[in-house]
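Worksheet: one structure, shown below.
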Amino acid sequence: MSVLTTVPELSDRGRSVAGMNDADRLVLDIADRFYLAPGSREQAIRDELGITPVAFFQRLNRLLDDPTAAAEFPELVNRLRRVRARRLRQRRSAA
């Protein structure tokens, strides 16, 4: 079975009335997992979503700014927002 049959595409189409679709939830689920081996996350992104890691992180960043995602997964979204903010501060101070 192809991944693309389970996750047709990562767009805003197919959003439920509650706001998030299954693809959004899968992106957050993959972001929440802990990976030990280098490259494991990237392989999971390709295998489960059928997209590149770059497209995954772009989608994840949009979800972190989405109030619906924050309402449905508040602890995860807030933790990932803090990580993003910390990395941004580090990049700015290094420049």
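The values are calculated or read from the model by the stated rules, or taken from the named source; none is laboratory data. Values in this document were obtained by computation on a predicted structure and should not be read as measured data. Glycine gets a Cβ as well: all are built from the backbone with ideal geometry, and neighbour counts include every protein chain shown.
Among the residues of the range 29-59 satisfying the criterion of being touching a helix residue (DSSP H, G or I) at 6+ places or on another chain (Cβ under 8 Å) and assigned to a loop (DSSP other than H, G, I, E, B), which is farthest from residue 82 (Cα to Cα)? Per the stated criteria, the residue is 50.
Somewhere in the range 44-61, is a residue polar (S, T, N, Q) and touching a residue at least 40 places away in the same chain (Cβ under 8 Å)? Scanning the range 44-61, I find no residue that is polar (S, T, N, Q) and touching a residue at least 40 places away in the same chain (Cβ under 8 Å), so the answer is no. When you scan the range 7-19, do you find a residue that is over 11 Å from the mean Cα position of the chain (by Cα), loosely packed, with under 13 Cβ neighbours inside 10 Å and at pLDDT 95 or above, even just one? The answer is no; no qualifying residue exists.
Only residues that are of a type in the set (D, E, K, R) and surrounded by 13 or more Cβ atoms within 10 Å (Cβ to Cβ): list them for the range 51-95, please. Correct list: 59, 62, 66, 72, 79, 81, 84.
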